[in-house]
1. With θ set to phi - 60° and the Karplus curve 6.51 cos²θ - 1.76 cosθ + 1.60, what are the ³J(HN,Hα) couplings of region B:178-191 in order, to the nearest whole Hz, using x for Gly and Pro?
2. Run down the lysines and flag those whose C-alpha is under 27 Å from the C-alpha of A:LYS96, throwing out any fewer than 8 positions away in its chain.
3. Simple spin-label model, 7 Å along Cα-to-Cβ: A:GLU122 to B:ALA161 in nm?
4. Under a 5 Å amide H to amide H cut-off, with H placed in plane at 1.01 Å, what residues pair with B:LEU192 once short-range neighbours are removed?
5. Run the dipole for region A:128-294 about the Cα centre, Lys and Arg Cβ at +1, Asp and Glu Cβ at -1, nothing else charged, and hand back the magnitude in debye, nearest 20.
6. Give me the accessible area buried between chains A and B, both sides summed, with a 1.4 Å probe, in Å² rounded to the nearest 100.
7. Please report, as a whole percent, how much of the solvent-accessible surface of the protein assembly as shown comes from carbon and sulfur atoms (probe radius 1.4 Å).
8. Among DSSP bridges having both ends in chain A, what percentage is antiparallel? Round to the nearest 5.
Amino acid sequence: MLVLGIESSCDETAAAVVRDGREILSSVVHSQVREHAAFGGVVPEIAARNHLMWLPPLVREALARAKISHGDLACIAVTRGPGLIGALLTGVQFAKGLSLAWNCPLVGVNHLEGHLAAARLEHPDIEPPFIGLVVSGGHTSLYRAREWGEYDLLGSTRDDAAGEAFDKVAKVCGLGYPGGAVVDRLARQGDPARVKFRRPMPGKDNLEFSFSGLKTAVITRIGEMGGVPAGDELNHLLAGFQDAAAGALVKKTLAAARITGLKTAVVSGGVACNSRLRELMLAGADKSGVRVIFPSPALCADNAAMIAAAGSIAFERGRRDTLSMAAAARLPLEYRPAAGSGLA
Amino acid sequence: MTARPAAISRAIVLALETATPVVSLALRTADGVIHENMQPPGAQASEWLAPAAQLLLAGQGLKPRDLHALAVGAGPGAFTGLRVGYGFAKGLALGLEIPLIEIPSPLSIMTQAAEQGIPGVRLVALLDARRGEVYGQRYHREGARWFASGGPFAAKPDSLAEHLTSPADQWMAAGSGADVWSDVFRRLGLVLLPGVFPRARDLIAPALESLAAGAFRPVDQCEPVYLRSPVD
């Protein structure tokens with residue numbers, strides 16, 4: 001079963017072909033980071049305009065690299081939310097055009113489910129139930145995956161997403177946009193014990209996150225230091241920030257595993273590329289007897305292979321969307337089968 | 001690209017106009033008849049457009065692969081509306097490997113004004129640009145034919161005269177922008193033709209001319225006329 005995936009929820013335009021929900025035949029991504037960098041963040045109108053221009057060549061390239069024709073496709077899977085509405089709309093409308101032209105079924109995919117399904121592309125054996133942490137510039141949420149397509153939200157951020165905090169701290173420090181990679185690189189050269197921050201823990205009895213206070217604490221500390229430090233002092237500051245942010249993510253993820261009794265966790269999304277998060281998560285999971293799966297960095301960032309993977313699962317479960325499918329800026333992942341459906 | 005129709009006169013063309021809230025589709029069949037479908041009030045263009053296109057084709061016993069070309073209203077207009085049309089049209093054109101022909105949306109305003117036999121030789125088509133502005137395009141008549149003068153522009157309504165090439169009272173104005181700002185334009189001295197919106201059916205004739213001349217861009221390069229910077 002071959003599925004074409006299309007992703008355009010934020011500032012990456014992507015297309016991919018995946019076989020049987022697990023094997024990537026092609027995956028092409030155009031990152032718009034350079035277009036947005038000058039503005040210190042994603043400009044929705046720039047994103048939408050770029051998607052419109054990049055979707056045709058990327059889809060053509062994805063099919064060519066996979067060495068297939070459209071007639072081989074079982075369905076077209078497209079991100080329908082959550083994300084920037086203009087960006088999503090462009091991808092959804094484009095996918096509808098292809099679907100009508102090729103008489104090929106359309107499957108709308110939740111971007112967050114795509115991040116969880118990314119794990120399946122490198123670990124074909126992984127099956128629910130498992131704990132899923134989706135952590136990126138736009139999302140920080142913990143889920144219990146009961147089955148593919150059936151998720152309980154266990155906790156999410158009350159304010160900033162973790163990646164947003166990385167971007168804001170980088171901006172305050174004059175490190176440009178996006179901030180995740182540069183903060184990680186500099187923090188690796190610093191000592192987190194030199195400039196400590198309290199791990200952001202909004203309550204001990206829940207699985208929620210909060211990163212706004214941590215960001216404010218960093219800004220306050222910079223003020224106390226008489227301005228943004230340079231050299232090793234900056235590295236220590238960033239190491240302390242990164243350690244606190246990553247520590248909170250690890251603690252809540254492992255708590256979720258303990259509470260639910262699940263022994264597998266999938267950690268995905270752009271922030272899952274962070275080296276300190278990986279280090280702390282793997283160490284903590286080892287002690288707790290939890291298997292943690294991080295997709296490789298290319299599959300943690302936004303891509304269309306993960307959308308094709310999630311679309312494959314949905315298609316196999318009988319999901320078909322119509323040409324009237326709407327894009328949705330807000331699209332919760334939680335799904336509970338209707339009572340009496342036999343699945344509850 | 002699919003083979004050109006034996007004669008342009010037999011070309012089957014689907015047109016989409018989404019630059020304003022009055023969204024429409026038109027299908028030109030091989031016999032030259034134009035079949036239309038207008039978006040009902042209250043419907044969302046992004047949910048209505050694709051199934052309506054499918055129904056319009058099916059209603060004439062046609063499948064998407066029977067199409068020889070697509071035409072799309074290129075704006076200027078509402079960004080979201082233009083993306084709804086362009087996103088769908090680019091997917092359909094790529095999938096079918098047929099030309100996507102971009103036609104300026106104000107051309108439809110001019111076509112309708114000409115059909116109504118307006119007096120005078122100067123027309124400015126105006127589309128509501130929101131944020132207190134209009135998008136405009138000047139046209140002038142030579143004999144029975146109308147021609148575009150210069151390119152599209154964005155203007156504050158009360159400074160429209162700066163974009164006209166002769167005194168305002170020598171101009172007629174039509175389009176959604178003329179309707180929204182009618183008081184201002186009457187005060188400037190323009191004669192107004194109310195209730196005119198871009199229609200998909202008016203894209204067909206210029207699209208056939210472009211198809212015959214091979215005057216269209218590759219689908220990858222097709223892009224609406226935004227006029228505004230994305231960060232304005």
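The values are calculated or read from the model by the stated rules, or taken from the named source; none is laboratory data. Keep in mind that this is a model prediction, so the values were computed, not measured. Neighbour counts are summed over all protein chains in view; Cβ atoms, including those assigned to glycine, are modelled from backbone coordinates with ideal geometry. Surface areas here come from the heavy atoms of the whole protein model, side chains and all, with no ligands, DNA or RNA. Shrake-Rupley method; radii C 1.70, N 1.55, O 1.52, S 1.80 Å.
1. 5, 5, 5, 10, 4, 4, 5, 6, 5, 5, 6, x, 6, 9
2. A:LYS67, B:LYS63, B:LYS90
3. A separation of 6.7 nm, rounded to one decimal place.
4. B:ALA173
5. 360
6. Interface area, both chains combined: 2500 Å², rounded to the nearest 100.
7. 52
8. Antiparallel: roughly 60 percent of the beta bridges in chain A.
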